[in-house]
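This report concerns only the one structure given below.
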Amino acid sequence: MKNKPILCPQRLRHVPRQFSWIDQRLVRDRHIKGRSPQALALYLFLCTVADAQGASYYSDSSAAGMLGFESGELRAARRELVEAGLVAFNSPFYQVLSLEPEKAEARESGQARVGEERSIGEILRSMMEAP
């Protein structure tokens with residue numbers, strides 16, 4: 001592995017006292033592929049304001065205002081992130097989810113990913129099929 005040059009040593013990043021980070025697997029595992037710029041902006045915002053468990057609370061109007069979004073843009077970006085399994089949302093709370101690989105058995109059994117929306121019928125069917 002090559003050593004990378006430090007271009008600006010006086011500006012080395014450090015983990016701040018307030019917890020905030022972005023997982024490299026977002027790029028490495030291509031979670032960002034096909035995401036809209038609005039969804040990526042919302043994801044960055046949520047990573048920045050989340051606590052150590054990934055949880056945060058910002059009203060739609062506050063988040064949209066900070067990002068320069070119309071309310072419809074925020075809802076579409078949020079829906080995109082939830083469908084991609086990157087965040088969970090239960091108004092008014094967000095959780096940035098771990099980028100751990102999805103378990104094969106969950107995919108094969110038809111279980112929803114964390115944060116994925118399901119109809120009440122799907123939930124009841126999965127409960128009836130459980131051993």
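Listed values, structure above:
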| read-out | value |
| --- | --- |
| For residue 87, distant residues with modelled amide H under 5 Å away | 82, 97 |
| Cα gyration tensor of region 18-100 - equivalent ellipsoid semi-axes, whole Å, descending | 18, 15, 11 |
| Net charge over other residues, Cβ less than 15 angstrom from the Cβ of residue 52 (K, R count +1; D, E count -1) | -1 |
| In nm, spacing of pseudo-spin labels at residue 120 and residue 79 (7 Å Cα→C-beta vector) | 2.1 |
| At R0 = 30 Å, FRET efficiency that the Cβ-Cβ distance of residue 57 and residue 129 yields, to 0.05 | 0.30 |
| Extension gain, residue 71 back to residue 25 (0.36 nm per residue minus Cα-Cα distance, nm) | 13.7 nm |
| Efficiency of FRET between residue 100 and residue 3 - r from beta-carbon atoms, R0 35 angstrom, step 0.05 | 0.75 |
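Every number in this text was worked out from the coordinates using simple rules, so none of it is lab data. Small disclaimer: the values here were computed from a predicted structure and weren't measured. For neighbour counting, all protein chains shown are included, and Cβ atoms are generated from backbone atoms with ideal geometry for every residue, glycine included.
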